[in-house]
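A.B. asks: My questions all concern the structure below.
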Amino acid sequence: MKVFIYHPRIREEYVRIFDELRPDIPLSDDPKEADVIFGWKVPGEYLHPNLKWYQSMGAGVDDVIPYLKDRDILLTRVEDLFAEKMAEYVLAYMLALSQDVKSIFKQQEEKEWLPFTPGLLASQSVLILGVGSIGKRIGFLLNQVGMTVYGLARKTTAAEGFKYIYSSKEDLVNVYGKIDFVVNVMPLTEATRDFLSGTEFDLMVKNPYLINIGRAHTLVEEDTYQALKSGQLKGAILDVFWEEPLPLDSSWWQLGNVIVTPHLSGPSVPKEVAQFFFANYDCFIKKQDLKGLVDFTAGY
């Protein structure tokens, strides 16, 4: 079973890891000769008719589903490698917002001594959109600091730290008015595209903070921008954008209540991702169940 590795920037690093740790896995330099593709943002023309399995290097697969959904091919995504990293990202920025770290940095820069009373996350409420392995870990950590945690999930009905997990968009109508933070961890599917729009923001009467570490297109861009500009949303931590890298002339750079991070909440460490592939490759050869198998109907 020949494997073709594709990454637009660091393919050579992955090849080196394979040569060092799994020289028994045969690699191909031609995607059309490979039985398996292990890749990130693989061009559609590389996904040839005889391909048997595609392993994504990331958690998201919305870029390849359109090419593979009507074909007899296995599609897997990386699971469980990003939960702790993304949960700590969310907790770090929520604490920074609550403690108003931005003002402290400004005061220090200007040599000003202006005491104030920081906020507390304890007793505040958060809604986590997407309660998979990542959302569960986020909810657990936030509950540990005293927050009331609500969630939305397609399958999960309960998880440690969550007060309640809802199963449909319609169920959230009465929840939006209770929350101080919204954390979006949703994948991009037909069901989640444009999930949050002005309609939902109108219901968020406590002017919550928004943290997006899911997919940009699960939010309506213009509605999100206007909600932040008007103060309907108090502020936002945005790690994903509708166009990446974020253009220099983008208006998102200019909003004072937005913190822009360059898609780093769930960093892929090549050796960790490769180890995930190695375990799945062994299962594939032995005709055993693969971890991270994608349900094409659900889109993840």
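The values are calculated or read from the model by the stated rules, or taken from the named source; none is laboratory data. Just so you know, these numbers come straight off a predicted model, no measurement behind them. In this analysis, Cβ positions are derived from the backbone assuming ideal geometry, glycine residues included, and neighbour counts consider all displayed protein chains.
A.B. asks: Exactly one of these conditions fails for Ser250: (1) over 22 Å from Gly60 (Cα atoms); (2) touching a residue at least 12 places away in the same chain (Cβ under 8 Å); (3) of a type in the set (Ser, Thr, Tyr). Give me its number.
C.D. replies: (2)
A.B. asks: Continuing with the same structure: Of all residues in the range 124-158, count the ones that are modelled with pLDDT under 95, of a type in the set (Ser, Thr, Tyr) and over 14 Å from the mean Cα position of the chain (by Cα).
C.D. replies: Going through the range 124-158 one residue at a time, the tally reaches 2.
A.B. asks: Let me ask another. If you check every pair at least six apart or on different chains, which have Cβ atoms under 8 Å apart with a residue in the range 127-151 that is within 22 Å of Thr218 (Cβ to Cβ) first and a residue that is of a type in the set (Lys, Arg) second?
C.D. replies: Val149/Lys163; Tyr150/Lys163; Tyr150/Lys178
A.B. asks: Can you name the residue in the range 152-200 that is part of a loop (DSSP other than H, G, I, E, B) and of a type in the set (Gly, Ala, Ser) and, of all such residues, is nearest to Glu221 (Cα to Cα)?
C.D. replies: Among those residues, the one meeting the criterion is Ser197.
A.B. asks: Also, I was wondering about something else. Could you say which residue among Ala227, Ala236 is within 17 Å of the chain's Cα centre (by Cα), of a type outside the set (Phe, Trp, Tyr) and more than 30 Å from Phe296 (Cα to Cα)?
C.D. replies: Just one listed residue meets the conditions, Ala236.
A.B. asks: Would you please name the residue that is farthest from Asn280 (Cα to Cα), looking only at residues in the range 1-52 that are in contact (Cβ under 8 Å) with a residue 60 or more places away in the chain, under 25 Å from the mean Cα position of the chain (by Cα) and part of a helix (DSSP H, G or I)?
C.D. replies: Glu13
A.B. asks: While we're looking at this one, here's another question. Check Ser250, Ser268 and return the single one that is surrounded by 15 or more Cβ atoms within 10 Å (Cβ to Cβ) and either over 27 Å from Asp180 (Cα atoms) or at pLDDT 95 or above (or both).
C.D. replies: From the options Ser250, Ser268, the qualifying one is Ser268.
A.B. asks: Name the residues in the range 191-208 that are surrounded by fewer than 22 Cβ atoms within 10 Å (Cβ to Cβ) and more than 18 Å from Val61 (Cα to Cα), would you?
C.D. replies: Within the range 191-208, Ser197, Gly198, Thr199, Glu200, Asp202, Leu203, Val205, Lys206, Asn207 meet the criteria.
A.B. asks: Let me ask something else about it. Going through Phe181, Phe162 one at a time, which residue ends up being touching a Pro at 6+ places or on another chain (Cβ under 9 Å) and under 27 Å from Ala59 (Cα atoms)?
C.D. replies: Matching residue, one of Phe181, Phe162: Phe181.
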